[in-house]
Amino acid sequence: MKTYIQGENGKITGFKMEWSFDPMTSAYMLDGEDLSPENEQETFRKVSASVLQNMLYEHYFTYFYDGETPIRYKVARNDTLTRDRSKLVLAFELPLAKPKPVTRDSLRLLIFDQSYYVDMAWKANSDIVLSADLAKQCHLQVIEPNPTPEQMSYAMSLPPDADPDNTLGQLFTQSVEIQCAVVPEV
């Protein structure tokens, strides 16, 4: 994943996402689709819209908090699906319902599948980028997950046909803390 945190004037306005799917998932997403040269772009547009529609009910797997309070966002927009060799890359924007003023240390971003079956991760700290304006007053800290041995054993003991345990995803995901020097309004 790559996440671009958008905003200016001390307010976060949303996120731009770029998610790369592994080759197996990419092949599954295109199974049965018309990939002829004359129809490929329309097929990618259709698949992209379908994926976003399905993710809507999962909050786009994106959870943004001020302390323990979830921050709402609008419907995703400006989606594109492209191919990078054997992987598909979905890009989209996720605007906040209203701009969120930055805080000293209470903003936290997580992106995960609640059941933990889908591995979603930033491979490097450089995969999370603040807008140029926000970078003047904020910095990011990636917190790696730290599940207990008991939690790991439980997750590994679940058979493939078990009902999903929607409490596990958050235990196995990274989080990003957004820490900003708050500039007083004039």
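Here are a few things to note about the model shown:
- Criterion (within 19 Å of Phe64 (Cβ to Cβ) and hydroxyl-bearing (Ser, Thr, Tyr)) met by exactly one of Ser131, Ser153, Ser157, Ser126: Ser131
- Every listed requirement among (1) buried (at least 18 other Cβ atoms within 10 Å of the Cβ); (2) over 30 Å from Glu42 (Cα atoms) is met by Leu94 save one, (2).
- Taken as a whole, the structure places Asp113 among residues that are of a type in the set (Asp, Glu), touching a residue at least 12 places away in the same chain (Cβ under 8 Å) and either farther than 23 Å from Ser175 by Cβ or surrounded by 14 or more Cβ atoms within 10 Å (Cβ to Cβ) (or both).
- Only listed residue being in contact with a strand residue (DSSP E or B) (Cβ under 8 Å, 6 or more places away or on another chain) and not in a helix (DSSP H, G or I), chosen from Leu52, Leu94: Leu94
- Test: Asp31 is loosely packed, with under 12 Cβ neighbours inside 10 Å, in contact with a Ser or Thr (Cβ under 8 Å, 6 or more places away or on another chain) and more than 25 Å from Ser175 (Cβ to Cβ): no
- In summary, Glu42 fulfils each of the numbered conditions (1) surrounded by 13 or more Cβ atoms within 10 Å (Cβ to Cβ); (2) of a type in the set (D, E, K, R); (3) in a helix (DSSP H, G or I) with the single exception of condition (1).
- Subset of region 55-77 [assigned to a loop (DSSP other than H, G, I, E, B) and closer than 17 Å to Phe15 by Cβ]: Glu58, Ile71, Arg72, Lys74, Val75, Ala76
- Residue list for region 1-46, restricted to those being free of Cβ contacts under 8 Å to residues at least 40 places away in the same chain and more than 15 Å from Ser86 (Cα to Cα): Gly32, Glu33, Asp34, Ser36, Pro37, Glu38, Asn39, Gln41, Glu42, Thr43, Arg45, Lys46
- Residue in region 114-136 that is in contact with a Cys (Cβ under 8 Å, 6 or more places away or on another chain), at pLDDT 95 or above, closer than 30 Å to Ala181 by Cβ and assigned to a helix (DSSP H, G or I) present: yes
The values are calculated or read from the model by the stated rules, or taken from the named source; none is laboratory data. Quick caveat: nothing in here was measured; it's all calculated off a predicted structure. Cβ coordinates were reconstructed from backbone atoms using ideal geometry, including for glycine residues, and neighbour counts include every protein chain displayed.
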